[in-house]
Number of protein chains: 2
Amino acid sequence: MRLLPHPSKEDIQLTEVLRALSDPVRLEIVIRLATLGEMTCSAAGDHLGVHKSTASHHYRALRQAGVIVSKQEGRLKFISLRRHDLDERFPGLLDSVLSASHVTT
Amino acid sequence: MRLLPHPSKEDIQLTEVLRALSDPVRLEIVIRLATLGEMTCSAAGDHLGVHKSTASHHYRALRQAGVIVSKQEGRLKFISLRRHDLDERFPGLLDSVLSASHVTT
């Protein structure tokens, strides 16, 4: 199992998290991970309606901002939400964003 | 008194709010407005360390995202946070961002 580079919890920056979440496709990825837990990039990319390379770009942006963990196992890449780290660093932030994402009217 | 164009509360979009708040200068403006209330653009721009035209660009981005209200009174332009609208539309979001902005370690 190979772990790609990630910022440590203490290095996660608020503005970078907000920027990572401010893209509709990335927000959709985060919502799916929050709902379904760890999954392969391939599964996470289903239903996004973007090319695989675009999805990869978004996974990288989320990883570099400290929002998700990516790990490579053989030919598969798995991603999951850094919910615990984010909740510890910025209490309530992720939950309020996830709640807000359900607002449609 | 002249009110500039603003999105209605129902048209405020989560991803646009997150993008507006993801810039360090804009976040600083929002923190000052949350702390000090309505102020002139000139007063809000103090201590930001950016050119007046850059500050104006940020005020416009915040206004268009639905984060602040701008109004012109004679030669003065006043800005204030749309706290009530944001709290109604996305409960807890602004507070969690403001709390997170105090995290420095």
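Taken together, the values in this text are just the output of simple stated rules run on the coordinates, not laboratory data. Here the structure is a predicted model, which is why all the values come from computation and not from measurement. Methodologically, a virtual Cβ is constructed for each residue, glycine included, from the backbone with ideal geometry; neighbour enumeration extends over all protein chains shown.
Details
- Listed peptides A:7-16, B:71-80 appear in the order A:7-16, B:71-80 once ranked by packing, highest mean of other Cβ atoms within 10 Å at the front.
- Axial C-alpha extent at least 15 Å, average Kyte-Doolittle at least 0.5 - helices from chain A (DSSP): A:24-36
- Shielding by partners - mean other protein chain Cβ count within 10 Å, residues of A:21-28: 4
- Over chain B, Cα pairs under 8 Å with separation of 6+ residues give a relative contact order of 35 percent.
- Net charge dipole, chain A: roughly 420 debye, given to the nearest 20, about the Cα centre with Cβ charges of +1 for Lys and Arg and -1 for Asp and Glu.
- Among the residues of B:86-96, the average count of other protein chain beta-carbon atoms within 10 Å of the residue beta-carbon is 4.
- Here the mean projected area of the convex hull built on the C-alpha positions of the stretch A:2-100 is 5.9 nm².
- Within 10 Å of each Cβ in B:9-18, the average number of Cβ atoms from other chains: 4
- Expressed as a whole percent, the proportion of Cα-Cα pairs in the protein assembly as shown lying more than 26 Å apart is 38%.
- Each peptide in B:81-88, A:45-52, B:18-25 was scored by the mean count of other Cβ atoms within 10 Å over its residues; highest first, the order is B:18-25, B:81-88, A:45-52.
- Pairwise FRET efficiency - B:Asp95 versus B:Arg2, Cβ, R0 = 30 Å, nearest 0.05: 0.45
- Where Cα atoms sit under 23 Å apart: lysine pairs in the protein assembly as shown separated by 8 or more or lying on different chains: 8
- Pseudo-label separations to other copies for B:Gly49 - Cα-to-Cβ vector, 7 Å, nm: 4.1
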